[in-house]
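Notes follow the structure.
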Amino acid sequence: MTARELLARCEDAARTYGRGPAAVVAVHGADCQVLSGDRIAVTGPSGSGKSTLLHLLAGLERPTSGRVSWPGLGDAADTARRIGVVFQGPSLIPALDVAENAELPLVLAGLPQEQARHRAMEALLLVGAAGLAAKLPEELSGGQAQRVAVARVLALRPRLILADEPTGQLDRASGQHVVDVLLAAADGIGAAVVITTHDPAVARRLNSQWAMHEGRLLPAPAPDPRSGPGTPAPDPRSGAPSSPQAEPTPLGDER
């Protein structure tokens, strides 16, 4: 079996907004890691810290304490290019057509226009949106716009895709189609995937599930012996199955 590479790691990473009595701890000391080939769902109710954890893994926010690193993604410049983020809300630029939106990150990264357009069209083809290339965002349905957002990330050919509630504003059928497209395309380019979601149907599509509660990343619970034989879900701290004897206690201390 080929050893999987460690792409991203949080070590006692916490994120606090504000200071003093009004401070809000969005993520308490989180310990987790993402390996190449991972398919991870981060679950929990609204306000549990899912998006903040994803932003820490993406490097979009810095931890207030602790550490976030990307051992398998190279230096800081490489890391920015090798992580793709799909946001929940509308993220397409209204004045640009679909093809221009998909190629924009490549153009900003210095890729020649012709090469950027070629890669953008390849990505749009992957998500079944090549026929929308000349349309403006206002002409797209919610599901189409989200597929274009996925294509924009795929055009970068990232090694790690982080999707923040990608189906949160879509109906069930459109949401499932976006997840289908995202996972199939990630398989095509060999990228690891982490998706935050409060939808159990989406979470079940991924191999591993991390649970968050009140800003705490919880270890995977032991399997219910009444449910028959099975493999425990991987513990977010190690990427390995959690011990059947482990108590599902929170990680880190209150900050």
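The values are calculated or read from the model by the stated rules, or taken from the named source; none is laboratory data. Note that the coordinates shown come from a computational prediction; the quantities given were computed from them, not determined experimentally. Note that each Cβ is placed from the backbone with ideal geometry, even for glycine, and that neighbours are counted across all protein chains shown.
Scan region 139-173 for residues that are surrounded by fewer than 17 Cβ atoms within 10 Å (Cβ to Cβ) and of a type in the set (S, T, N, Q) and jot them down.
If the condition is that a residue be surrounded by fewer than 17 Cβ atoms within 10 Å (Cβ to Cβ) and of a type in the set (S, T, N, Q), then Ser141, Gln169 are the ones that fit.
Specify which of the listed residues (Glu103, Glu61) is in a loop (DSSP other than H, G, I, E, B) and either within 19 Å of Leu182 (Cβ to Cβ) or of a type outside the set (A, V, I, L, M, F, W, C) (or both).
Working: Glu103 fails: in a loop (DSSP other than H, G, I, E, B).
Just one listed residue meets the conditions, Glu61.
When residues of region 124-171 are filtered for being without any contact (Cβ under 8 Å) to a residue 40 or more places away in the chain and assigned to a helix (DSSP H, G or I), how many remain?
Initial filter on region 124-171 (without any contact (Cβ under 8 Å) to a residue 40 or more places away in the chain): 124-125, 129-135, 139, 141-144, 147, 157, 167, 170-171.
With the extra rule that they be assigned to a helix (DSSP H, G or I), the set shrinks to 124-125, 130-132, 139, 142-144, 147.
Number of matching residues: 10.
Taking region 1-51 on its own, how many of its residues are assigned to a strand (DSSP E or B) and without any contact (Cβ under 8 Å) to a residue 40 or more places away in the chain? Outline the logic, then answer.
In the first step, residues of region 1-51 are kept if they are assigned to a strand (DSSP E or B); the result is 6-17, 24-35, 39-43.
When the remaining residues are screened for being without any contact (Cβ under 8 Å) to a residue 40 or more places away in the chain, the result is 17, 24.
Matching residues across region 1-51 total 2.
From the list Pro229, Pro225, Pro241, Pro166, pick out the single residue that is at pLDDT below 90 and within 17 Å of the chain's Cα centre (by Cα). Please lay out each step first, then the result.
Numbers: Pro229 fails: within 17 Å of the chain's Cα centre (by Cα); Pro225 fails: within 17 Å of the chain's Cα centre (by Cα); Pro241 fails: within 17 Å of the chain's Cα centre (by Cα).
Only one candidate qualifies: Pro166.
Is there a residue in region 122-138 that is crowded, with 19+ Cβ neighbours inside 10 Å, of a type in the set (Gly, Ala, Ser), within 30 Å of Gln209 (Cβ to Cβ) and touching an Asp or Glu at 6+ places or on another chain (Cβ under 8 Å)?
So far as region 122-138 goes, no, none of its residues is crowded, with 19+ Cβ neighbours inside 10 Å, of a type in the set (Gly, Ala, Ser), within 30 Å of Gln209 (Cβ to Cβ) and touching an Asp or Glu at 6+ places or on another chain (Cβ under 8 Å).
Checking Pro71 against (1) farther than 19 Å from Pro166 by Cβ; (2) assigned to a strand (DSSP E or B), which single condition isn't satisfied?
Answer for Pro71: the failing condition is (2).
In region 84-103, is there at least one residue being free of Cβ contacts under 8 Å to residues at least 40 places away in the same chain, touching a helix residue (DSSP H, G or I) at 6+ places or on another chain (Cβ under 6 Å) and not hydrophobic (A, V, I, L, M, F, W, C)?
no
Determine, yes or no, whether Ala116 is of a type in the set (Gly, Ala, Ser), touching an Asp or Glu at 6+ places or on another chain (Cβ under 8 Å) and outside any loop (DSSP other than H, G, I, E, B).
Numbers: of a type in the set (Gly, Ala, Ser): yes; touching an Asp or Glu at 6+ places or on another chain (Cβ under 8 Å): yes; outside any loop (DSSP other than H, G, I, E, B): yes.
For Ala116, the condition - of a type in the set (Gly, Ala, Ser), touching an Asp or Glu at 6+ places or on another chain (Cβ under 8 Å) and outside any loop (DSSP other than H, G, I, E, B) - is met.
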